[in-house]
């Protein structure tokens, strides 16, 4: 009996104890890995990726293994199936077409035909298709779309997670330290969703930059075209003025010869002739400068000269200042750019707070400057502590950016008010000369002609009345041009056409 009790209470052999311990460790490891995978899947279910992926990457549910980890061949097939949606998304022509300032129209006008007829619509159409800045911004926006490949699928993450956890050879004391930190070293699906949001904002920023470049090109082309119209019309009026002063000089010389006029009047006519000739040369230089500006905007040969310009229109801008100021705060692309940058920065702060390396671009390891491999490095001990300094700096930058957005809104309000005031000033001048001064000057010319025909006065009064009308038309032209330019600048600040 004593022998039996001794056999019962005898400790197990050392080999049996070791086997039991290993089985327990393996069981605990398997349970731990299963919990990690389940946690990852649960985290992913709560964070459903980015708006881009939800809207454009509809893939079939991949076949899973017993460990709930998708198989790689199925993932590759799913990626190939999403190529069509990605290519459709990559088409950025809609950003250019829906720029808010000009709606492109079907126009097959070639560069060679611009010498005969160069309408404003034709010029703007060419600018949208040929401008190098727009092409560069479009290529940059196109390049930003490729970032989606870095975080498209949770399945890739899970497959990588399986790859490096299965190949870990944990022995001895390393087992305890590594097993505790390995799950924290790999990004969770929630972090992956945040990284997708960062890329969403990055792509949005690139699209806004493309829109900004497009709006700048349209506005610059409009202003250059208007100033070229103005300069060309001014050349005509200055030539007319020179001719009128020459006629006046002849009449004054005749009067001087008959002792009915003074020499000072002749000298004054000479001065006016020289001044008008110089103003015509200045107007021609302005026209050539604007032609060169348009050639650069359209990316066409420098020797190109436009012909058949549109007649200078009369802008009619009727808008409530408070309403369009609010619209400018909402639609101005520069404000939207800063807001997108702030949203991106806030996502970076979220990444930093969750102890992922706060890189602006997704798809990079915390431990090396490269993409995730099949064997991501694992955090050991406290080697990777939270980057509190970076996090604090980013938060301060976010506050500064918020203030910058508010300041830009104030600046936008000020610029818009000044632009509208300039428009109203030009409009007042235009209305004065068109509805009051010029009609009265024409009436004065009719009176002078009647007096000349009846012999009551000489032709000098007739010519002086003609000169006065020409000068008033020059002032009317400048006011009309100022209205157009002010309207274009106001629309650029607001971000859309004003009716």
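The values are calculated or read from the model by the stated rules, or taken from the named source; none is laboratory data. Since this is a predicted model, take the numbers as computed values, not measurements. Note that we place each Cβ from the backbone using ideal geometry, even for glycine, and neighbour counts take in every protein chain shown.
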Q) Has region 256-276 got any residue that is touching a helix residue (DSSP H, G or I) at 6+ places or on another chain (Cβ under 6 Å), outside any helix (DSSP H, G or I) and at pLDDT below 95? A) yes
**Q.** Which numbered condition residue 418 fails, given (1) over 30 Å from residue 494 (Cβ atoms); (2) within 38 Å of the chain's Cα centre (by Cα)
**A.** (1)
**Q.** Subset of region 112-151 (residues that are in a loop (DSSP other than H, G, I, E, B), farther than 21 Å from residue 313 by Cα and modelled with pLDDT of 90 or more)
**A.** 131
Q: Can you tell me which residue among 315, 336 is at pLDDT 95 or above and crowded, with 16+ Cβ neighbours inside 10 Å?
A: 336
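From 444, 413, grab the single residue that is assigned to a helix (DSSP H, G or I), more than 29 Å from residue 335 (Cα to Cα) and either touching a residue at least 24 places away in the same chain (Cβ under 8 Å) or in contact with a strand residue (DSSP E or B) (Cβ under 9 Å, 6 or more places away or on another chain) (or both).
Working: 413 fails: more than 29 Å from residue 335 (Cα to Cα).
After applying the criteria, what remains is 444.
The rows are residues; the columns are (1) assigned by TED's automatic domain parsing to the domain that holds residue 253; (2) at pLDDT below 95; (3) at negative phi.
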| site | (1), (2), (3) |
| --- | --- |
| 395 | no, yes, yes |
| 410 | yes, no, yes |
| 437 | yes, no, yes |
| 452 | yes, yes, yes |
| 462 | yes, no, yes |
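Answer with yes or no whether residue 246 is buried (at least 17 other Cβ atoms within 10 Å of the Cβ), without any contact (Cβ under 8 Å) to a residue 60 or more places away in the chain and either not in a loop (DSSP other than H, G, I, E, B) or not assigned by TED's automatic domain parsing to the domain that holds residue 463 (or both). Lay out the reasoning, then the answer.
Working: buried (at least 17 other Cβ atoms within 10 Å of the Cβ): no; without any contact (Cβ under 8 Å) to a residue 60 or more places away in the chain: yes; either not in a loop (DSSP other than H, G, I, E, B) or not assigned by TED's automatic domain parsing to the domain that holds residue 463 (or both): yes.
Criteria not met by residue 246.
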